[in-house]
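What follows is a set of notes on a single structure, which appears directly below.
Rule-based calculations on the coordinates, nothing more; no lab input. What you are looking at is a predicted structure, and each value in this text was computed from that prediction instead of being measured. Cβ: placed from backbone, ideal geometry, glycine included. Neighbour counts: every protein chain shown.
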Amino acid sequence: MLNNFNKFMFKFGLKLWSKNTNYIDSAIKLYDLGLYSYIELFAVPNSYKEFVKFWQNLKIPYIIHAAHSMTGLNFAKREFFQNNVLLAKEAFDFANTLNAKFVIFHPGINGEIKETCYQINQLSNKNIIDVNKALIENKPYYGIVDNVTCVGSQPKEVEFIIKNTNIGFCFDIAHAIYSANAHKKDIFEFLNQFNKLEPKIYHVADGDFNGVLDEHKNIGHGNFDFKKILNLLSKDSFVTLETKKNFQDNLKDFEQDINKLKLIV
């Protein structure tokens with residue numbers, strides 16, 4: 001199965017949270033079968049001390065996703081700075097212990113892009129954020145909580161952050177589609193503008209091609225044109241599936257998602 005998988009160009013990733021120890025056995029099994037290439041681990045706040053040991057002994061490469069606005073990290077507003085310091089440090093604690101290749105951050109909500117840049121630079125100066133590993137992720141315009149708008153929903157905003165902080169880019173395809181709809185832009189022109197920013201990693205999930213709110217649907221449960229979308233990606237790209245996990249004791253839905261994408265590619 002491993003040799004058959006390798007012809008499909010992409011390094012697919014499994015998205016888990018740091019407290020998801022219930023999936024470890026399934027994750028090891030699917031990795032050994034060659035179904036995916038790395039784990040993208042979401043650093044749940046205050047979980048490092050208790051949970052890093054469960055991931056430390058897995059012989060699987062890691063990428064870390066830092067906490068975001070729904071779990072307390074918001075670079076776009078000054079009043080969150082001290083908490084952002086703690087959460088960014090925890091993300092890099094995971095990254096350093098697990099020898100992760102990248103650490104992904106969201107730009108923030110209901111705030112200012114210049115503040116996002118300021119805070120990232122401050123954390124870099126304090127040696128909390130390593131700009132050689134840190135990536136900024138594009139966001140939808142509308143958050144899933146009422147009256148929330150996101151920083152970094154347009155290519156020019158993400159480009160501004162990259163140029164003013166020297167960090168890299170994580171391209172979330174679904175976020176860009178929802179943002180294009182919210183800004184009334186041509187979707188694939190919008191995607192191409194983001195793609196020119198040289199992403200280090202991609203996020204994919206299915207959803208409503210005409211929608212504006214993030215959904216994280218499993219592959220085939222929305223109406224995204226994945227054949228056209230995957231053609232945007234270069235060979236050997238890191239591609240994390242951010243699809244829903246519908247079972248507590250196995251990763252069958254993730255396995256189905258990967259196999260559906262393999263058929264498309």
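Just one of (1) part of a helix (DSSP H, G or I); (2) out of contact with any strand residue (DSSP E or B) (no Cβ under 8 Å at 6 or more places or on another chain) fails for Ala88. It is (2). For region 218-229, the criterion of being closer than 27 Å to Val131 by Cβ and touching a strand residue (DSSP E or B) at 6+ places or on another chain (Cβ under 6 Å) is met by no residue. Within 19 Å of Val158 (Cα to Cα), surrounded by 20 or more Cβ atoms within 10 Å (Cβ to Cβ), out of contact with any helix residue (DSSP H, G or I) (no Cβ under 8 Å at 6 or more places or on another chain) and not small (Gly, Ala, Ser), is that true of Ile109? Spelling it out, it is not the case that Ile109 is within 19 Å of Val158 (Cα to Cα), surrounded by 20 or more Cβ atoms within 10 Å (Cβ to Cβ), out of contact with any helix residue (DSSP H, G or I) (no Cβ under 8 Å at 6 or more places or on another chain) and not small (Gly, Ala, Ser).
If you filter region 119-153 down to residues that are assigned to a helix (DSSP H, G or I) and without any contact (Cβ under 8 Å) to a residue 40 or more places away in the chain, you find that the one that is surrounded by the most Cβ atoms within 10 Å (Cβ to Cβ) is Leu123.
Regarding Gly13, is this residue surrounded by 23 or more Cβ atoms within 10 Å (Cβ to Cβ) and in contact with a Lys or Arg (Cβ under 9 Å, 6 or more places away or on another chain)? Judged against the criteria, Gly13 is not a match. Of the residues making up region 154-183, those that are acidic (Asp, Glu) and either surrounded by fewer than 21 Cβ atoms within 10 Å (Cβ to Cβ) or farther than 29 Å from Lys227 by Cβ (or both) are Glu157, Glu159.
Only one of the numbered conditions (1) free of Cβ contacts under 8 Å to residues at least 24 places away in the same chain; (2) outside any helix (DSSP H, G or I) is not met by Gln82, and that is (2). Considering region 188-217, and only residues there that are acidic (Asp, Glu) and outside any loop (DSSP other than H, G, I, E, B), the residue that is surrounded by the most Cβ atoms within 10 Å (Cβ to Cβ) turns out to be Asp206. The number of residues in region 218-247 being touching a helix residue (DSSP H, G or I) at 6+ places or on another chain (Cβ under 6 Å), assigned to a loop (DSSP other than H, G, I, E, B) and not aliphatic (A, V, I, L, M) comes to 4.
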